[in-house]
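Worksheet: the structure to be examined is printed underneath.
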Amino acid sequence: MSTTGRVAIVTGAARGIGAATAVRLAREGRAVAVLDLDEGACAETVEQITAAGGTALAVGCDVSDAAAVEAAVARVAAELGPPVVLVNNAGVLRDNLLFKMSEDDWDTVMSVHLRGAFLMSRACQKHMVDAGFGRIVNLSSSSALGNRGQSNYSAAKAGLQGFTKTLAHELGKFGVTANAVAPGFIATDMTAQTAARVGMGFDDFQAAAASQIPVRRVGRPDDVAGAIAFFTGEDAGFVSGQVLYVAGGPLD
Ligand code: NAP
């Protein structure tokens, strides 16, 4: 690992895909800022990393709050070093059919996914430009292609794909790549929440999803972490502006 590519920030890393990604990047030699809304909730991920001999820092931050983001990124730079790898993973669901969707449901999803990725990327890019090296990975979703009950989430996840491609255009000349990983069904608290919303047990919900997926299983957080790790790698410098679906099969 070169010293320039050492420090990574993973948002929403207290659990789920973010936690698996933080652990994976630490295993590859990066010092990882485990960022989530509640600093205390990051302890388990940090402990997992440090127990394996890695370096991690718990950071409490709401990614949709500009001042909090600036302070968090400055803290990471001071305590771990300049963050040159950023995984914009923090996310929320506020599913509802359009006629029942409140303005708050809409705004919350836009704030966390889109505004959050914008604020975090803006705060980190100066460190990446100074280093002449950077890797940004944004979490999109198969829902970007449209999904009933998710007009807010699907718009945000499609928006992240446009955001990613634009960052690739703007930042490429500074050695910075931007890519998106778009998972299908991954078993996490988020999909458990969806099962509860539609009134199904989580096991039945996963079995129903698996039956529709070509590889006949649902995804695990580690499946997504592996794809993210590829994009953050030092040797992925010629791959930029891409959207990789990690969904156990092709999508329409
Ligand atoms: P998850 O288990 O719900 O974890 C999301 C994490 O983000 C939580 O720890 C949450 O904290 C944190 N978070 C929420 N709002 C935040 C904010 N404003 N600032 C900082 N952190 C915040 O979700 P996941 O399933 O791992 O999903 C991770 C990402 O992958 C999301 O962007 C999601 O949209 C995307 N994705 C997931 C799937 C899937 O099937 N699971 C599929 C496609 C895409 P709290 O616990 O405090 O709320």
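Once neighbouring chains are kept in place and the probe is 1.4 Å, which whole percent of the accessible area of region 141-211 is contributed by carbon and sulfur?
Values: 1680 of 3130 Å².
Looking at region 141-211 in its full context, I get 54 percent from C and S.
Calculate, for the chain, the solvent-accessible area per residue in square angstrom, rolling a 1.4 angstrom probe over the heavy atoms of the protein chains.
Working: 11280 Å² over 252 residues.
Heavy-atom accessible area per residue stands at 45 Å².
Per-residue counts of other Cβ atoms within 10 Å, averaged by peptide: what ranking do you get for 205-212, 77-84, 149-156, highest first? Let's see the in-between values first.
Working: 205-212: 15.1, 77-84: 18.8, 149-156: 21.1.
My ranking of the peptides, most packed first, is 149-156, 77-84, 205-212.
How high is the FRET efficiency from MET190 to GLN242, r the C-beta distance, R0 22 Å, rounded to 0.05? Each step should come with its number before you reach the end.
Working: r = 23 Å, r/R0 = 1.07.
With R0 = 22 Å, the Cβ-Cβ based efficiency is 0.40.
Going from the alpha-carbon gyration tensor of region 1-120, what semi-axes, largest first and in whole Å, does one get by taking the root of 5 times each eigenvalue?
Working: eigenvalues 153, 45, 26 Å².
Those come to 28, 15, 11 Å.
Given R₀ = 45 Å, what would the calculated FRET efficiency be for ALA207 paired with ALA74, taking r from the Cβ atoms and rounding to 0.05? Show your work: numbers first, answer last.
Working: r = 46 Å, r/R0 = 1.02.
Here the calculated transfer efficiency is 0.45.
Taking the alpha-carbon distance from LYS126 and a cut-off under 16 Å, which lysines remain once sequence neighbours fewer than 8 residues away in the same chain are dropped?
Answer for LYS126, where 16 Å is the Cα cut-off: LYS173, listed by chain and number.
Compute a Gaussian network model of the chain, connecting alpha carbons closer than 10 Å, and tell me which residue from VAL69, VAL87, VAL198 fluctuates the most.
The residue that fluctuates most here is VAL198.
Place a +1 charge on the Cβ of each Lys and Arg in the chain and a -1 charge on the Cβ of each Asp and Glu, then give the dipole magnitude about the Cα centre in debye, rounded to the nearest 20. The partial results should precede the final answer.
Details: 20 positive and 25 negative charges, 126 e Å.
The dipole magnitude comes to about 600 debye.
Report relative contact order for the chain in percent, whole number only (criteria: Cα-Cα under 8 Å, sequence separation at least 6).
Details: 526 pairs, mean separation 46.9, N = 252.
Rounded, it is 19 percent for the chain.
What would the Debye formula give as log10 I(q)/I(0) at q = 0.07, 0.10, 0.12, 0.18 Å⁻¹ for the alpha-carbon point model of the chain, no solvent?
With no solvent term, the Cα-only Debye profile gives -0.21, -0.44, -0.64, -1.46.
First measure r as the distance between the Cβ atoms of GLU103 and ARG148, then evaluate 1/(1 + (r/R0)^6) with R0 = 25 Å and state the FRET efficiency to the nearest 0.05.
With R0 = 25 Å, the Cβ-Cβ based efficiency is 0.80.
Taking the C-alpha atoms of region 139-192, how large are the radius of gyration and the largest Cα-Cα span, Dmax, in Å?
Computed over the Cα atoms of region 139-192, radius of gyration and Dmax are 13.1, 41 Å.
Grab the other residues whose beta carbon is less than 13 angstrom from that of VAL112, score K and R as +1, D and E as -1, and report the net.
On the way: positive: ARG94, ARG115, LYS157; negative: ASP36, ASP62, ASP65, ASP104, ASP105, ASP107.
Combined, the nearby Lys, Arg, Asp and Glu give -3.
Rounded to the nearest 500 deg cm²/dmol, what is the calculated helix-only ellipticity per residue at 222 nm for the chain, with -39500 (n - 2.57) per DSSP H run of length n ≥ 4? If you can, show how the numbers build up before the last one.
Values: 9 runs with 110 residues, N = 252.
The per-residue figure over the chain is -13500 deg cm²/dmol.
Straight-line reach from LYS100: which lysines have a Cα under 26 Å away, not including same-chain ones fewer than 8 places off?
Straight-distance partners of LYS100: LYS157.
Only Lys, Arg, Asp and Glu count, each charged at its Cβ (+1, +1, -1, -1), so figure out the dipole size of region 69-162 about its Cα centre, rounded to 20 debye. Working shown, then result.
Numbers: 9 positive and 8 negative charges, 47 e Å.
With Lys and Arg at +1 and Asp and Glu at -1, about 220 debye.
The values are calculated or read from the model by the stated rules, or taken from the named source; none is laboratory data. Only a predicted model underlies this, so the values are computations on that prediction, with no experimental measurement involved. In this analysis, Cβ positions are derived from the backbone assuming ideal geometry, glycine residues included, and neighbour counts consider all displayed protein chains. Protein only, heavy atoms only, side chains kept; ligands, DNA and RNA dropped before computing areas. Shrake-Rupley method; radii C 1.70, N 1.55, O 1.52, S 1.80 Å.
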